[in-house]
1. Label-point separation (nm) for Arg424 and Phe311, each offset 7 Å from Cα along Cα-to-Cβ?
2. Can you check what the Kirkwood hydrodynamic radius comes to for region 303-461, Cα pairs only, in Å to one decimal?
3. Which of the trypsin sites (Lys or Arg not before Pro) found in region 375-458 are in a DSSP loop and have at most 13 neighbouring Cβ atoms, other than their own, within 10 Å?
4. Given the -39500 (n - 2.57) contribution per DSSP H run of 4+ residues, what per-residue ellipticity at 222 nm results for the chain, rounded to the nearest 500 deg cm²/dmol?
5. Quick one: what are the phi-derived ³J(HN,Hα) couplings along region 87-94, Karplus 6.51/-1.76/1.60 with θ = phi - 60°, whole Hz, x for glycine and proline?
6. Projected area of region 138-460, taken from the Cα convex hull and averaged over every viewing direction, in nm²?
7. For region 72-211, what's the radius of gyration and Dmax over Cα atoms, in angstrom?
8. With a cut-off of 8 Å between alpha carbons and a minimum separation of six or more residues, what is the relative contact order of the chain in percent?
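Throughout, read-outs are computed from the coordinates displayed, never taken from laboratory work. All of these numbers come straight from a predicted model, not from anything done at the bench. Here the Cβ positions follow ideal geometry from the backbone for every residue, glycine too, while neighbour counts run over all protein chains shown.
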Amino acid sequence: MKSKILPLFKPASACKRSLALAILLPASVMAQTESDEPFYWEAKNQITYNWQKHGSFGAAYSGPNSMTSGADKMYTFSITSHLGMRLWKGGEAYFNPEAASGVPFSTNLVGLGGFTNGEITRAAGTTPKLYRQRLFLRQTWNNGGGAEKVESDFNQLPGTVDKNRFVLTMGNFSTLDVFDDNAYAKDPRTQFMNWGNWTYSAWDYAADARGFGWGFAGEWYVGGNEADGSGDWVLRFGRMTGPKVPNGLPVDFAIGKHYGDQVELERSHHLGGQPGKVRVLGWRNRAVLASFDDATAYLQAHPGGDPQAFFNVRNGEKIKYGLGLNLEQAINDNAGFFFRGMKTDGRTETYAFTEVDNSLSTGVLVKGKSWGRANDAFGLSLAQNTLSADRRRFLAAGGVSFFIGDGALSYKPETIVEAFYNVRVTKNTWVTADFQRIANPAYNAARGPVNVLAVRLHAEF
């Protein structure tokens, strides 16, 4: 039931009043008592600033969507309020206004499959822009099996729920609020920064260009039996809207015709006395998209023409689909391991924002208890992104997609190593130092490697 911090797109004058009110409120505001009864509400806020820099790197050639090979820097800034209210028994409403700004590397989001900053899709220039973020309802139907406590968190009110329950989320939210959770690699504001470490980088889930849509998601929880050691099960399913045009902000509300469907099965377990979870996710998009084969044929028939050939062959509904595996496993009370892997069909252009067809990522997260800093954390990860044969042919022919396109392609998988150390400075503030080394940026062995240094400041109140 835990929701993550991601944006929404449409400005509204009411947001300014709500955001100002929420910032003035304490971290947790209660209308009555911490209980499961109606008319309880909370307000929580966060601020994150992420500054990154890379030095010069080698580049045998560059194209329209190449990352700048000279030294460069970027930043993102966000301030978000999370307002939640329990309206009736089991019924909750949430509203998130957010102000965000940022400038990516190359002053444009290009040149990489695995973005170095999970918040960069919200970059909107140097002037912070206020958006209505999430606006959704959540209803829980309890069905016995014993009670478990739910802690207060962003977009999550405290209380108790049954181990056997059904949860329905409806409205404007992110697919990632419900699907693809992971205890060790999920939040780019407090954990790993790279895109491939907070969700599958190959998952082109239906959303607007900032990662949100309208739709619904159901979650069916079945509690395990502690006596025989069986774990809990969760089945999730949902449908979300996508953009009217690929990588666009306007939402296509024809959800019966153009959409993104996903189904996820989760099983919890214990290995060596330590908890873990396994998740299998399948997804399917239907939208008006161009195929890579059609775009490549257009380029070959029109030498010297528009390298963004997609616009000329986007002429009918296409299906995109993929399958992913997500693992999390505690090693001991101080450390945990994660793994994500996804394979997609790779035949059609980007729908929302990913230029990856197959992805792998793995790593460890270690808390600082063993060296006397229990609230610090260290993370180390390795990720690899690859392209389908169809997309490779398109890029090699000089094609340009939304985020990548060097004018040619000396293909190799894009490989990313990331390490970070997160220091808690005060009870509610953290500073993170991060390093990423990217080999073959945008899958091109003629460019790179790129070394990226970052400093992140994060506060919650």
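1. Distance between the two pseudo-spin positions: 5.1 nm.
2. Averaging 1/r across every pair of different Cα atoms and inverting gives 18.3 Å.
3. Lys427
4. Mean residue ellipticity at 222 nm (helix-derived): -2000 deg cm²/dmol.
5. Couplings: 8, 7, 4, x, x, 9, 10, 9 Hz.
6. Mean orientational projected area (region 138-460, Cα hull): 17.8 nm².
7. 17.2, 56
8. Computed value for the chain: 16 percent relative contact order.
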